[in-house]
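Undergrad: Before anything else, here's the structure in question.
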């Protein structure tokens, strides 16, 4: 029986990434090792310098909606206020309603 997974000591054991998927996919945004991912880091590094440029290219002139999970950095007020002028944003209190509408049209 061959082993499919090998452990390499010179690689990080933890990797945090973010990616966007819809009509295409963004490049993977790798979070800097040791970075404190707060709202400022998420908005300025992950979104602005990472995902948003690819999303703008993929969606071009179409209006699009950003949906995130309930991670504290996603639900921080400064994150939710960040780019509302550019795209729709589903606020956390609406997630259950949106899911219900999709599952029960």
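Undergrad: How many of the residues making up segment 70-98 are at pLDDT 80 or above and touching a strand residue (DSSP E or B) at 6+ places or on another chain (Cβ under 7 Å)?
TA: 1
Undergrad: Separate question: Just to be sure, is residue 101 at pLDDT 85 or above and either in a helix (DSSP H, G or I) or within 23 Å of residue 16 (Cα to Cα) (or both)?
TA: Working: at pLDDT 85 or above: no; either in a helix (DSSP H, G or I) or within 23 Å of residue 16 (Cα to Cα) (or both): yes.
For residue 101, the condition - at pLDDT 85 or above and either in a helix (DSSP H, G or I) or within 23 Å of residue 16 (Cα to Cα) (or both) - is not met.
Undergrad: Right, another one. Identify all residues within segment 29-52 that are within 12 Å of residue 79 (Cα to Cα) and in contact with a strand residue (DSSP E or B) (Cβ under 6 Å, 6 or more places away or on another chain); write none if there are none.
TA: Listed by number, the list holds a single entry, 46.
Undergrad: Can you find, within segment 11-27, the residue that is modelled with the highest pLDDT among those that are surrounded by fewer than 13 Cβ atoms within 10 Å (Cβ to Cβ) and farther than 19 Å from residue 87 by Cα?
TA: Among residues in segment 11-27 that are surrounded by fewer than 13 Cβ atoms within 10 Å (Cβ to Cβ) and farther than 19 Å from residue 87 by Cα, the one modelled with the highest pLDDT is 27.
The values are calculated or read from the model by the stated rules, or taken from the named source; none is laboratory data. All values reported here derive from a predicted model rather than from experimental measurement. Cβ coordinates were reconstructed from backbone atoms using ideal geometry, including for glycine residues, and neighbour counts include every protein chain displayed.
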